[in-house]
Amino acid sequence: MPMLSASLLLLAASAAFPLQLALGAGPSAACGTACFPSLAFTPPQVAAGKAPSVALSSWWCPRTSEYAFMGFSYDVNGCPTYDDMVRHFTNQRLAFGARYVRLYAHCDPVPGHTDDIVNAAYVSGIGVFALIWFGFDGDDSYKGRLAAWLDTINNNPLAPYVVRNIAIGSEPLYDRATTPAALSALIDSTKANVSSKGIQVSTSEMVYGYSVQSGGPAVLTHVDHVQCNELPFFSQTATLGSAAWPDIQTDLTWLLNQTSSSPKKLFLTQTGWPSTTEVWKPNSAKADPSIGSEQSYYELLESKCEYFKSLPMGGLGWFAHIYADNTLPGWGIVNGTTNSTVKFSFGARTAC
């Protein structure tokens, strides 16, 4: 990798994609000051194989600043290239104020793809919530994905400056891809591998997922923080996106009660509302899959900024699921990975 100038890449991206940037509502508030990944901070250029000359303890914005809108869930199943990711991450940051990207799915066929993610995120000025994808087959393919991320974290000098957290699985309990005991052990062993670099470990699970296997809630005692997949469109009482708060509040209350003896930071790492039912059908005949309900759902989340800020450890942060509509039809904010025009007016505060 050559000398990386984040400021030059950001300027080039904003010049190359003026239409996309103009169509987004844009960031409503900068988070923090001269720390990564504050919207006010540009990572310094570094030579290939080198890390920034700043100590990790002085690099990151405090975890208490990680509340309100964090960024987007981003599908890597199609193995986006380094250049693709620089373009997408830069647009997420400049057009919408994203500070982080939460990865979704996996890219197995391309060696070094985890390094590409890290390098692209660094030059784009965006932090990474990494994900170890289990899938739905109950096999051990997740082991290679975890090994790839651990190799990148231990050998890519930029990784500790970009990777903030790792989630072991996305709904692995709900999908019965593993057991609570095995998941807890894997979380603990991963923590032992990455905690010295300041990286935290969790799992990204629905509240309902903790109930499908005996001992599910015990997993919450092992995570560093809570990552929740919050998708009220699938509630049996779902109607409009704007009316989803009771379901969200019920889930948050359950999580807060489960972690009350040792409060933990909460993230909604996968939350959204679809405009179509092309991928998944609702469980309520009254659920409204439409662009209007998708927009009103995000407006609902935005309206709860002050409440989210009041929650433990500096407040709750949320990720819009998902960035591009062509990667999960009906769920995206922008129309596609090559057409980054927005489906509707989207703007959310990163601080309040």
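How high is the FRET efficiency between N335 and C79 when r is their beta carbon distance and R₀ equals 25 Å, given to the nearest 0.05? For N335 and C79, the calculated efficiency is 0.75. For N335, neighbours were defined as the other residues whose beta-carbon sits under 13 Å from its Cβ, and their charges (Lys and Arg +1, Asp and Glu -1) total -1. Would you tally the net charge around V163, using a Cβ to Cβ cut-off of less than 15 Å, leaving V163 out, and scoring K and R as +1, D and E as -1? Around V163, the surrounding residues sum to +2.
On the basis of the beta-carbon distance and an R0 of 51 Å, V110 and S284 show a calculated FRET efficiency of 0.85. Placing unit charges on the Cβ atoms only, positive for Lys and Arg and negative for Asp and Glu, gives region 49-123 a dipole magnitude near 360 debye about its Cα centre.
The DSSP beta bridges internal to the chain are antiparallel in roughly 5% of cases.
For region 216-324, applying the loop criterion from DSSP together with a ceiling of 16 other beta carbons within 10 Å to the chymotrypsin sites (Phe, Trp or Tyr not before Pro) yields W280. Across region 65-334, the relative contact order, built from alpha-carbon pairs under 8 Å that are at least six residues apart, equals 20 percent. Residues L301, L39 ordered from highest to lowest accessible area at a 1.4 Å probe: L39, L301. Working note: 222 nm ellipticity from helices only, DSSP H runs with n ≥ 4, each -39,500 (n - 2.57), summed and divided by the residues of the chain, gives -9500 deg cm²/dmol to the nearest 500.
Relative to the Cα centre, the charge distribution of the chain, modelled as +1 at Lys and Arg Cβ and -1 at Asp and Glu Cβ, gives a dipole magnitude of about 860 debye.
Listed cross-link partners K50/K264; K309/K343; K50/K143 are compared with a 31 Å cut-off, the Cα-Cα value being larger for K50/K264.
Answer with one residue from S196, L252, A34: the one whose Cα lies farthest towards the positive end of the charge dipole of the chain, charges on Cβ with Lys, Arg +1 and Asp, Glu -1. In the chain, that residue is A34. Restricting region 122-185 to chymotrypsin sites (Phe, Trp or Tyr not before Pro) that sit in a DSSP loop and have at most 16 other Cβ atoms within 10 Å of their own Cβ leaves F136. Surface listing: E278, E230 arranged by accessible area from highest to lowest gives E278, E230, probe 1.4 Å.
Just one of [x] 53, 44, 39; [y] 95, 56, 37; [z] 60, 44, 39 is Cα extents along the principal axes in Å calculated from these coordinates, so which is it? Structure-derived value, by its label: [x]. A DSSP coil position with no more than 16 other Cβ atoms inside 10 Å describes the following trypsin sites (Lys or Arg not before Pro) in region 138-217: R176.
Here A48 and R176 are evaluated by their C-beta separation; at R0 = 56 Å the FRET efficiency comes out at 0.80. Full extension of the chain between F344 and L256 yields a length gain of 28.4 nm, computed as 0.36 nm times the residue separation minus the alpha carbon distance.
Where Lys and Arg each count +1 and Asp and Glu each count -1, what net charge lies around Y82 among other residues with Cβ under 13 Å from its Cβ? After counting each charged neighbour, the total is -3.
The values are calculated or read from the model by the stated rules, or taken from the named source; none is laboratory data. Given the structure is predicted, the values throughout are model-derived calculations rather than measurements. Note: ideal-geometry Cβ built from the backbone for every residue, glycine included; neighbour counts use all protein chains shown. Side chains are part of the model used for accessible areas, which takes the heavy atoms of the whole protein and leaves out ligands, DNA and RNA. Shrake-Rupley method; radii C 1.70, N 1.55, O 1.52, S 1.80 Å.
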